[in-house]
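We did not get these values from a lab; they are worked out from the coordinates using the rules stated. Keep in mind that what you see is a predicted model, and the values were worked out from it rather than measured. For neighbour counting, all protein chains shown are included, and Cβ atoms are generated from backbone atoms with ideal geometry for every residue, glycine included.
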Amino acid sequence: MEVIIEEKIKYLENYDQNGIAFPFQLDQYLNSKDLEKEYLKYNSKSEKIFKRKLSLKPHLLSTFFYNLSVNDAIIDKVKKVIGENVYIWSSAFFSKEPGEGKIVSYHQDNPYWQLSTDKVVTAWIALTNSDKKSGALEIVPGSHKLGLIKKLDVDNARESYLNGEKTSDDNDLISYKQNLDKFIGDNPPQLLEMIPGQYSLHHVNTVHGSGINRSSHRRTGYAVRYISSETKHLEANEDRALHVCGKKNNYYIDEYPPKNDFDDNAIKQYKMSMSSTGVFGNKIY
Ligand SMILES: O=C(O)CCC(=O)C(=O)O
């Protein structure tokens, strides 16, 4: 046990150097099927109520995913990398079914998000096995130090998104390309294999992506985006975020945790959040 604790500290120290810290474990869920079950439960509720699977900000509709997002062990590490004043700006599921052929092309996050500081970190939590065969998350260590390597291939991502434009390939889970193929050829990515209940932390400018799921099981991650309270959106005036700890700011309209799964207030708030969220709010329900 002591060895594991020492290793965890070492990984976190390397975050500044590598733009990634990995792997950590949520002891209560280690290798448990509960995380995937909760994901499936969430999907079936969202399909019943919204007539489709909602992958953005599930922490605003599900008490389970809210509680997972504010798990003490995760927040302790988040505070070590972005400081004591923490908001959850967004969250998302990244799920790839076997045989579906989906990928996430290599990208940095901030060209999409347009946030004002780099005190922004994602906790990527494995809800299923995530290994080479199933298309685990891949990252380029140290790439966060390069600033923004490439721009998006659209001028205004939010406008393009709301107009339904997509410039990436059909099987790509992200909408706009960053054309990083040459960069990836010169800077080979590292595979982050995880079992359910393990998670990584990656910096907003770390280059990352993932390949096709060639296994016989679903590969799902839950990505939570934490920002420090001095971080604002450079373009959206009425962005929303959920305060977790430390000092608040006046940049964001407060979001609140759901009292019960998909209750009326949570649904009302969710719709408002989706129409005002930074870049990828979605007007269609
Ligand atoms: O889960 C994946 O494959 C990609 C995740 C990702 O792009 C992200 O967390 O920003």
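Values as computed for the structure displayed
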{"quantity": "Whole-number percent relative contact order across the chain, with pairs defined as alpha carbons under 8 Å at least 6 apart", "calculated": "32 percent"}
{"quantity": "Mean residue ellipticity (222 nm) of the chain, computed from DSSP H runs ≥ 4 via -39,500 (n - 2.57), nearest 500", "calculated": "-8000 deg cm²/dmol"}
{"quantity": "In nm, spacing of pseudo-spin labels at residue 167 and residue 237 (7 Å Cα→C-beta vector)", "calculated": "2.7 nm"}
{"quantity": "Trypsin sites (Lys or Arg not before Pro) restricted to region 180-224 and DSSP loop, no more than 16 other C-beta within 10 Å", "calculated": "214"}
{"quantity": "Charged-residue dipole, Cβ positions (Lys, Arg, Asp, Glu), the chain about Cα centre, Debye nearest 20", "calculated": "580 debye"}
{"quantity": "Loop chymotrypsin sites (Phe, Trp or Tyr not before Pro), region 170-231, which have at most 10 other Cβ atoms in a 10 Å radius of their Cβ (DSSP)", "calculated": "none"}
{"quantity": "Counting DSSP beta bridges with both ends in the chain, the antiparallel % (nearest 5)", "calculated": "95 percent"}
{"quantity": "Within region 49-103: Cβ-based charge dipole about Cα centre, in debye rounded to nearest 20 (Lys, Arg +1; Asp, Glu -1)", "calculated": "260 debye"}
{"quantity": "Extended-chain gain in nm, criterion 0.36 nm per residue less alpha-carbon gap, residue 73 and residue 230", "calculated": "54.3 nm"}
